[in-house]
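**Student:** Before we start, here is the structure in question, set down as structure tokens.
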Amino acid sequence: MHRSSHEFDDSTSAPRDRFGERVRKNLSAESIQASVIESESRLLARTFDELVASGDVPRAASLILGGRRRYIAGEGKASAYAHLLGTDLSSTLSNVFLIDGRALTPLTVLTDVRNTDVLVVFSLRKYREETIRLAHLFVEAGGQLVVVTDSDDAPLTGIATVAIRVRTASASYADSTIAVAAVCHLLSTLTAASAKGAKRRLAMRDHYALELGLYPRQKA
């Protein structure tokens with residue numbers, strides 16, 4: 001496949017190698033910024049085009065909505081995406097649980113999986129083994145799996161009910177986060193749009209956030 005000079009193939013290079021190639025001392029902050037902004041814009045647009053063509057996000061949202069219990073998981077950097085999606089989903093849906101290894105462990109989840117349960121995992125290179133094992137065992141126990149990943153050949157695409165592919169190649173030494181965050185936003189928005197009682201739940205959250213004093217009160 002032909003690749004534009006503005007696109008980056010990060011399939012094999014390590015962050016330390018990309019750092020040497022792309023964050024050189026002879027480059028100004030302005031030129032690095034321009035390169036990153038351009039590559040991120042292209043990456044996001046391409047990811048959106050592919051998501052529209054595949055229909056994977058609406059399918060995943062429908063699966064999440066139909067689940068009796070919704071579990072979210074990710075390790076390392078991916079745990080931030082899991083927390084983001086879990087926070088947004090729990091605003092409009094009940095029975096959303098973040099598997100964080102502390103308040104809720106994989107062992108606790110796996111001992112009580114039902115075929116109406118859904119697990120959403122974020123599995124991005126270098127593909128953490130904990131996430132891969134959890135997903136395999138969850139599926140073996142009868143649950144449904146949604147995986148957000150960065151390659152069609154990633155470890156979990158073959159067993160996922162729905163696999164959402166995002167692009168993460170960047171002009172930076174670090175893999176891009178922008179498309180992954182966008183998928184979290186899309187998933188939570190599409191799910192909320194069809195969730196019964198979503199508006200009521202949001203109103204109740206606002207009420208109790210005020211009662212609990214979580215945020216500064218608005219001046220009249």
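**Student:** For the structure I just gave you, tell me whether Ala160 is without any contact (Cβ under 8 Å) to a residue 40 or more places away in the chain, within 20 Å of Gly86 (Cα to Cα), in a loop (DSSP other than H, G, I, E, B) and under 17 Å from the mean Cα position of the chain (by Cα).
**Tutor:** Taking the combined requirement at face value, the residue satisfies it.
**Student:** In the range 171-220, what residues are within 21 Å of the chain's Cα centre (by Cα) and among the polar types (S, T, N, Q)?
**Tutor:** Within the range 171-220, Ser172, Ser176, Thr177, Ser188, Thr189, Thr191, Ser194 qualify.
**Student:** Report, by residue number, each residue of the range 171-210 that is buried (at least 21 other Cβ atoms within 10 Å of the Cβ) and farther than 22 Å from Val121 by Cα.
**Tutor:** Listed by number, the list holds a single entry, Ala171.
**Student:** Looking at Arg102, Arg125, Arg133 in this structure, which one is at negative phi, assigned to a helix (DSSP H, G or I), surrounded by fewer than 22 Cβ atoms within 10 Å (Cβ to Cβ) and of a type in the set (Lys, Arg)? Lay out the reasoning, then the answer.
**Tutor:** Working: Arg102 fails: assigned to a helix (DSSP H, G or I); Arg125 fails: assigned to a helix (DSSP H, G or I).
Testing whether each residue is at negative phi, assigned to a helix (DSSP H, G or I), surrounded by fewer than 22 Cβ atoms within 10 Å (Cβ to Cβ) and of a type in the set (Lys, Arg) leaves just Arg133.
**Student:** Could you list all residues from the range 105-122 that are of a type outside the set (A, V, I, L, M, F, W, C) and assigned to a loop (DSSP other than H, G, I, E, B)? Let's see the steps before the verdict.
**Tutor:** Within the range 105-122, the subset of a type outside the set (A, V, I, L, M, F, W, C) is 105-106, 108, 111-112, 114-117.
Residues satisfying the conditions are Thr105, Thr111, Asp112, Arg114, Asn115, Thr116.
**Student:** Is there any pair linking a residue in the range 174-194 that is among the aliphatic types (A, V, I, L, M) to one that is modelled with pLDDT of 95 or more and outside any helix (DSSP H, G or I), with Cβ under 6 Å and at least six apart or on different chains, and which?
**Tutor:** Filtered contacts from the range 174-194: Ala179/Val166; Val180/Val166; Val183/Val148; Val183/Ile164; Val183/Val166.
**Student:** Any idea how many residues of the range 46-72 are surrounded by 12 or more Cβ atoms within 10 Å (Cβ to Cβ) and in a helix (DSSP H, G or I)?
**Tutor:** Selection size over the range 46-72: 17.
**Student:** Restricting attention to the range 139-155, and to residues there that are within 15 Å of the chain's Cα centre (by Cα) and farther than 12 Å from Leu119 by Cα, which single residue is surrounded by the most Cβ atoms within 10 Å (Cβ to Cβ)?
**Tutor:** Thr149
**Student:** Within the range 50-58, does at least one residue satisfy the condition of being within 30 Å of Thr111 (Cα to Cα), in contact with a helix residue (DSSP H, G or I) (Cβ under 8 Å, 6 or more places away or on another chain) and touching a residue at least 40 places away in the same chain (Cβ under 8 Å)?
**Tutor:** Yes, the conditions are met somewhere in the range 50-58.
**Student:** Output the number of residues of the range 115-137 satisfying the condition of being over 20 Å from Thr191 (Cα atoms), touching a helix residue (DSSP H, G or I) at 6+ places or on another chain (Cβ under 9 Å) and either free of Cβ contacts under 8 Å to residues at least 60 places away in the same chain or of a type in the set (S, T, N, Q) (or both). Lay out the reasoning, then the answer.
**Tutor:** The initial filter retains those residues of the range 115-137 that are over 20 Å from Thr191 (Cα atoms), namely 123-137.
Still in the running and touching a helix residue (DSSP H, G or I) at 6+ places or on another chain (Cβ under 9 Å): 123-124, 128, 130-131, 133-134, 137.
This time we only want the ones that are either free of Cβ contacts under 8 Å to residues at least 60 places away in the same chain or of a type in the set (S, T, N, Q) (or both), so: 123-124, 128, 130-131, 133, 137.
Within the range 115-137, residues that are over 20 Å from Thr191 (Cα atoms), touching a helix residue (DSSP H, G or I) at 6+ places or on another chain (Cβ under 9 Å) and either free of Cβ contacts under 8 Å to residues at least 60 places away in the same chain or of a type in the set (S, T, N, Q) (or both) number 7.
**Student:** In this structure, is Gly86 closer than 21 Å to Glu130 by Cβ, in a loop (DSSP other than H, G, I, E, B), touching a Lys or Arg at 6+ places or on another chain (Cβ under 9 Å) and modelled with pLDDT of 90 or more?
**Tutor:** No.
The values are calculated or read from the model by the stated rules, or taken from the named source; none is laboratory data. Fair warning: this is a prediction, and the values are worked out from it, not measured in the lab. Methodologically, a virtual Cβ is constructed for each residue, glycine included, from the backbone with ideal geometry; neighbour enumeration extends over all protein chains shown.
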